[in-house]
C-alpha cells in the first residue's frame with residue numbers, strides 16, 4: 001500500500017499551479033538528473049519538451065513553459081528567489097540559450113517547448129522530454145503531473161512499494177483510519193504522527209510542519225499587503241490589501257507577519273468582519289500564487305488559500321492562545337484527509353474539475369478545524385464529508401487559462417464552507433450519519449469520470465468561453 005506523507009501533501013513551491021507549474025518544473029529537474037546519469041548533457045545537446053492535453057491547452061496561462069525553463073536550468077522551486085524568476089526567464093528568451101549542468105546549450109523556448117493539443121493516454125497532464133546528442137542519439141522520458149505537485153514517469157504507475165518502510169497504521173480509506181483511532185483511542189493527528197515517526201524524528205516533523213505554516217502565513221501577509229494588478233491579460237486587481245486596510249484598526253503597530261497576526265488577535269471583530277478576514281486570507285494567498293509567488297500546495301496551488309485561511313481563523317478568532325501544538329495537529333489531520341482523497345479519487349483538476357482542488361482542500365480544512373475544536377475522529381470525517389458533498393461537480397473553467405477567475409474567489413468560498421462544515425459536524429452524532437466519507441470520495445471520482453473534458457482545466461467551456469477575455 002502506498003504511504004503518502006503529510007509532507008507529500010503539503011509542498012512548498014511556486015505558483016500559479018501545482019499541476020501545471022510545480023509538476024512540470026519538478027519533471028524538468030528530474031529529466032536533467034536522468035540525462036546527467038546517462039551522460040547526455042554536452043554543449044551541443046538539443047533539449048526539447050512537448051506538452052500534452054491540459055498542459056498544452058492552459059499551459060501558457062499557468063506558466064508551464066516558464067516552469068519547464070526554470071527546471072531545466074536547475075532552479076529549486078522551494079528555495080529559488082521568486083523575485084529573480086522574471087530576469088532568469090527573460091535571459092533565456094533573449095539569449096536563446098540555457099545553462100544546464102554547467103553546459104551552455106542552444107535553447108529557443110518558442111521552438112523547443114511545443115504545445116501539442118493531443119492527450120496522452122494515462123493522464124490529462126502529460127509531457128515528453130527529449131535530449132539529442134550531436135551524433136543523433138536520443139534520450140527521452142515521459143512524465144505526468146498528476147496533481148498537487150506529484151509527478152510520475154511512464155511506467156511508474158505499475159511500481160510497487162515493497163521497499164518502503166512499514167508504517168504502523170497503513171491507511172487506504174477512511175474506514176481503516178477510524179478503526180485505528182477507535183482501537184487505539186487516538187485522534188487522527190496522533191495516528192498520523194505515529195506513521196510519520198517511521199521516517200522522521202519528532203523534532204523534524206514539528207519543525208517541518210511549522211516551516212510549512214510559516215510559508216502559509218507569509219503568503220497571507222504578503223497578499224494582504226500588496227496592491228496593484230495580477231500578471232496576465234485579465235489585469236485582475238488585487239483585493240486582499242484593500243480589505244485589510246479597511247479592517248485593521250492599528251495599521252502601524254506591526255513590522256512583520258507574526259506581529260500582524262498578533263495585532264489581529266488583539267482585535268475584537270464582529271461576525272461580519274470575521275468572515276471578511278477569512279475571505280481576505282484565502283484571497284491573499286491565491287493572489288500571491290497567481291503572481292508566481294511562493295505558496296504551499298494544500299493540496300494544490302489553485303486551492304492553496306483554503307487551509308491557511310481556516311487555520312488563521314482558528315488562531316486569530318477561536319483560540320487566541322493556541323500555538324505550535326495546534327498548528328501541527330491541524331496540519332497532520334488535514335494532510336491525512338488529503339492523502340485519502342488522493343488514494344480514492346484525485347486531487348487534479350485536469351482529471352476531476354475544481355471539486356478535486358477546492359473541494360478537497362475544504363474537506364481537509366474542515367477536518368483539521370474539527371479536531372482542534374474538540375471533535376472526535378468520527379466528527380472530523382463528518383466535517384470532511386459535508387465540505388466535499390457541497391463541492392461535488394464543481395468544474396474547472398479558468399478564464400484565459402489563468403489561475404485567477406474563478407480560482408481566487410473559490411479559495412475564500414472553500415474556507416467559509418470548511419468552517420460551516422466543522423460547525424455542522426460538531427453538532428452531529430456519528431450514529432446518525434447517512435453518507436460516510438468514503439462514499440462521497442467514491443462519488444467524487446465517479447463524477448470526475450462523467451464530467452465533460454471541457455470542464456476539466458482545458459478552458460474549453462464554462463466561464464472560460466462564456467466570458468470574452470478581451471472584454472475583461
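Hey, among the residues in region 106-128 that are under 28 Å from the mean Cα position of the chain (by Cα) and in a strand (DSSP E or B), which one's nearest to residue 449 (Cα to Cα)?
Looking at the filtered set, the residue picked out is 125.
Suppose we filter region 61-105 for residues that are under 19 Å from the mean Cα position of the chain (by Cα) and surrounded by fewer than 19 Cβ atoms within 10 Å (Cβ to Cβ); how many remain?
5
List the helices (runs of 4 or more DSSP H) that sit entirely inside region 298-368 and contain at least 1 residues that are more than 27 Å from residue 270 (Cα to Cα) and within 17 Å of the chain's Cα centre (by Cα). Walk me through it before giving the result.
Details: elements: 306-313, 324-344, 349-352.
Once the helices (runs of 4 or more DSSP H) in region 298-368 are filtered for at least 1 residues that are more than 27 Å from residue 270 (Cα to Cα) and within 17 Å of the chain's Cα centre (by Cα), what remains is 324-344, 349-352.
Mind checking which helices (runs of 4 or more DSSP H) fall wholly inside region 376-472 and carry at least 2 residues that are crowded, with 24+ Cβ neighbours inside 10 Å and at pLDDT 95 or above? I'd like the intermediate steps shown before the answer.
Numbers: elements: 377-389, 407-426, 437-450, 463-466.
Helices (runs of 4 or more DSSP H) meeting the threshold: 377-389, 407-426, 437-450.
Testing residue 96 on (1) within 21 Å of residue 291 (Cα to Cα); (2) in contact with a strand residue (DSSP E or B) (Cβ under 8 Å, 6 or more places away or on another chain), one condition comes back false. Which one is that?
(1)
Between 221, 229, 180, which is in contact with a strand residue (DSSP E or B) (Cβ under 9 Å, 6 or more places away or on another chain) and either loosely packed, with under 13 Cβ neighbours inside 10 Å or assigned by TED's automatic domain parsing to the domain that holds residue 406 (or both)? Show your work before the answer.
Working: 221 fails: in contact with a strand residue (DSSP E or B) (Cβ under 9 Å, 6 or more places away or on another chain); 180 fails: in contact with a strand residue (DSSP E or B) (Cβ under 9 Å, 6 or more places away or on another chain).
Checking each option against the conditions leaves just 229.
Of the numbered conditions (1) at positive phi; (2) assigned to a strand (DSSP E or B), residue 12 satisfies every one except a single condition; which is it?
Only one criterion is unmet by residue 12, namely (1).
For region 117-126, which positions are in contact (Cβ under 8 Å) with a residue 40 or more places away in the chain and surrounded by fewer than 17 Cβ atoms within 10 Å (Cβ to Cβ)?
117, 118
Residues are listed down the side, and each one gets a yes or a no for (1) in contact with a helix residue (DSSP H, G or I) (Cβ under 8 Å, 6 or more places away or on another chain); (2) in contact (Cβ under 8 Å) with a residue 60 or more places away in the chain; (3) assigned by TED's automatic domain parsing to the domain that holds residue 125:
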position	(1), (2), (3)
2	yes, yes, no
32	yes, yes, yes
39	no, no, yes
51	yes, yes, yes
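For residue 153, work out the one condition from (1) under 24 Å from the mean Cα position of the chain (by Cα); (2) within 18 Å of residue 65 (Cβ to Cβ) it doesn't fulfil.
The number of the failed condition is (2).
Hey, does region 211-234 have a residue that's more than 30 Å from residue 401 (Cα to Cα), in a loop (DSSP other than H, G, I, E, B) and in contact with a helix residue (DSSP H, G or I) (Cβ under 8 Å, 6 or more places away or on another chain)?
Within region 211-234, not a single residue is more than 30 Å from residue 401 (Cα to Cα), in a loop (DSSP other than H, G, I, E, B) and in contact with a helix residue (DSSP H, G or I) (Cβ under 8 Å, 6 or more places away or on another chain).
I'm trying to understand the selection: among the residues of region 57-105, which are without any contact (Cβ under 8 Å) to a residue 12 or more places away in the chain, over 28 Å from residue 214 (Cα atoms) and assigned to a helix (DSSP H, G or I)?
90, 91, 94, 95 - these are the residues of region 57-105 that are without any contact (Cβ under 8 Å) to a residue 12 or more places away in the chain, over 28 Å from residue 214 (Cα atoms) and assigned to a helix (DSSP H, G or I).
The values are calculated or read from the model by the stated rules, or taken from the named source; none is laboratory data. In this text, all values refer to a predicted model and were calculated from it rather than measured experimentally. Please note: Cβ atoms are built from the backbone with ideal geometry, for glycine as well, and neighbour counts cover all protein chains shown.
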